[in-house]
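Worksheet for the structure shown next.
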Amino acid sequence: PLPPCTASLDFLNDLTIPDGTTVPPGSSLDKQWLVQNNGTCDWNSAYRLRLIFGDPLGINPEQALYPARAGTQAVVRLVLTAPIAPGTYRSGWQAFTPAGDPFGEPIFIEIVVAP
């Protein structure tokens, strides 16, 4: 049998919506992160992204993790909705294996909602 693979994720860059961006209440947010699958596991549809802190910003707190072969870069994309109430919001997400084990660096979005 093959030895088990190692799941890993490195955050590389915010591609959209830099931390601290001011957005209008209720606006749609197309957040994209560039990440590296630097483990030995290929991410498939069984790999998940889960909310680990903060506001889910209008989406389900568990999402599919973008499929990526081991050793490649991938863009993780979530289409979120800004809250109506003014304030600073932070939403943190973590990758999870099919067995439910967290792995890699968390990724997050931080926005300032202002009219």
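Calculated FRET efficiency, Ser8 and Phe53, Cβ-Cβ r, R0 25 Å, to nearest 0.05?
Efficiency, from the Cβ-Cβ distance: 0.75.
Based on the Cβ-Cβ distance of Phe103 and Ser45, what FRET efficiency does E = 1/(1 + (r/R0)^6) give at R0 = 22 Å, to the nearest 0.05?
Calculated transfer efficiency: 0.85.
Counting only residues 5 or more places away or on other chains, whose amide H sits under 5 Å from the amide H of Tyr47 once H atoms are built in the peptide plane?
Leu65
Roughly how many Å² of Asp14 are accessible to a 1.4 Å probe, to the nearest 10?
For Asp14, solvent-accessible area is about 40 Å².
With every protein chain left in place, what is the accessible area of Tyr47 in Å² (1.4 Å probe, nearest 10)?
20 Å²
Place a +1 charge on the Cβ of each Lys and Arg in the chain and a -1 charge on the Cβ of each Asp and Glu, then give the dipole magnitude about the Cα centre in debye, rounded to the nearest 20.
Charge dipole of the chain: 180 debye, to the nearest 20.
Cα-based Rg of region 74-115 per 2.2 N^0.38 Å, rounded to two decimals?
Region 74-115 yields a ratio of 1.47.
Placing +1 on the Cβ of each Lys and Arg and -1 on the Cβ of each Asp and Glu in the chain, which of Pro106, Pro61, Ile17 has its Cα farthest towards the positive end of the resulting dipole?
Towards the positive end, the residue furthest out is Pro61.
Please list, in chain and number order, the residues 5+ apart from Asp42 or on another chain whose amide H is under 5 Å from its amide H, with Hs placed from the backbone.
Placed amide hydrogens put Ala70 under 5 Å from Asp42.
Could you please report the charge total around Phe103, scoring K, R as +1 and D, E as -1 over all other residues with beta-carbon less than 12 angstrom from its beta-carbon?
Its environment carries a net charge of -1.
Give the ranking of Val112, Val35, Val79 by solvent-accessible surface, highest area first, calculated with a 1.4 Å probe.
Most to least solvent-accessible, the answer reads Val79, Val112, Val35.
Whole-Hz ³J(HN,Hα) for each residue in region 102-107, computed from phi via Karplus 6.51 cos²θ - 1.76 cosθ + 1.60 with θ = phi - 60°, x for glycine and proline: what do you get?
Working through the residues one at a time gives x, 8, x, 7, x, 10 Hz.
Could you state the principal axis extents of the C-alpha atoms in the chain, from the largest down, to the nearest angstrom?
58, 23, 17
The values are calculated or read from the model by the stated rules, or taken from the named source; none is laboratory data. Values in this document were obtained by computation on a predicted structure and should not be read as measured data. Quick reminder, even Gly has a Cβ in these numbers, built from the backbone with ideal geometry, and neighbours come from all protein chains shown. Heavy atoms of the whole protein, side chains included, go into the accessibility calculation; ligands, DNA and RNA do not. Shrake-Rupley method; radii C 1.70, N 1.55, O 1.52, S 1.80 Å.
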